[in-house]
Amino acid sequence: MNYGLVKTGSDRGINGGVGAGQGGMAWVTVYVEVDDPQAYLKRIERMGGKTVVPVTDIPGMVTFAVFADPEGNKVGLVKSMR
């Protein structure tokens, strides 16, 4: 996987990553820090969004999910580690 992590060095906000797009395509996914990604996905789905990546836990690194809003824009959720 051609992907690198970005560490801000800050105790606020979240870190990120940079990777190569598939098929020459590039995109940006903005992640929002939340306390309970599953609860937010349920609320998002009630409001017309769709889950793209269900809540996924990468032990010792991150718990995240991705949804598409009603217009198809993808947004990520990342669980707060505090």
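The values are calculated or read from the model by the stated rules, or taken from the named source; none is laboratory data. Just so it is clear, the structure is predicted and the values come from calculations on it, not from any experiment. No Cβ is skipped: glycine too gets one built from the backbone with ideal geometry, and neighbour counts run over all protein chains shown.
Within the stretch 39-55, residues that are over 9 Å from residue 68 (Cβ atoms) have Cβ atoms under 7 Å from residues that are exposed (fewer than 12 other Cβ atoms within 10 Å of the Cβ) in these pairs: 48/70, counting only partners at least 6 apart in sequence or on another chain. From the list 51, 56, the lone residue that is part of a strand (DSSP E or B), out of contact with any helix residue (DSSP H, G or I) (no Cβ under 8 Å at 6 or more places or on another chain), under 22 Å from residue 27 (Cβ atoms) and at pLDDT 95 or above is 56. Every test in (1) out of contact with any Leu (no Cβ under 6 Å at 6 or more places or on another chain); (2) part of a strand (DSSP E or B); (3) surrounded by 15 or more Cβ atoms within 10 Å (Cβ to Cβ) is passed by residue 65 save one, and that test is (1).
Quick grid of which residues meet (1) more than 20 Å from residue 7 (Cα to Cα); (2) touching a Ser or Thr at 6+ places or on another chain (Cβ under 9 Å):
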| site | (1), (2) |
| --- | --- |
| 23 | yes, no |
| 28 | no, no |
| 33 | no, yes |
| 37 | yes, yes |
| 54 | yes, no |
| 57 | no, yes |
| 60 | no, no |
| 65 | no, yes |
| 68 | yes, yes |
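For the structure I just gave you, tell me whether residue 65 is aliphatic (A, V, I, L, M), in contact with a helix residue (DSSP H, G or I) (Cβ under 9 Å, 6 or more places away or on another chain), free of Cβ contacts under 8 Å to residues at least 40 places away in the same chain and at negative phi. Yes, satisfied.
Looking only at the stretch 1-38, which residues are under 21 Å from residue 69 (Cβ atoms) and of a type in the set (Val, Ile, Thr)? Answer for the stretch 1-38, where residues must be under 21 Å from residue 69 (Cβ atoms) and of a type in the set (Val, Ile, Thr): 14, 28, 29, 30, 32, 34. Under the condition of being outside any loop (DSSP other than H, G, I, E, B) and either in contact with a helix residue (DSSP H, G or I) (Cβ under 8 Å, 6 or more places away or on another chain) or closer than 17 Å to residue 77 by Cα (or both), the residues counted in the stretch 7-47 number 18.
Residues of the stretch 59-82 that are touching a strand residue (DSSP E or B) at 6+ places or on another chain (Cβ under 8 Å) and either of a type in the set (S, T, N, Q) or closer than 16 Å to residue 17 by Cα (or both): 62, 63, 64, 65, 66, 74, 75, 76, 77, 78, 79, 80.
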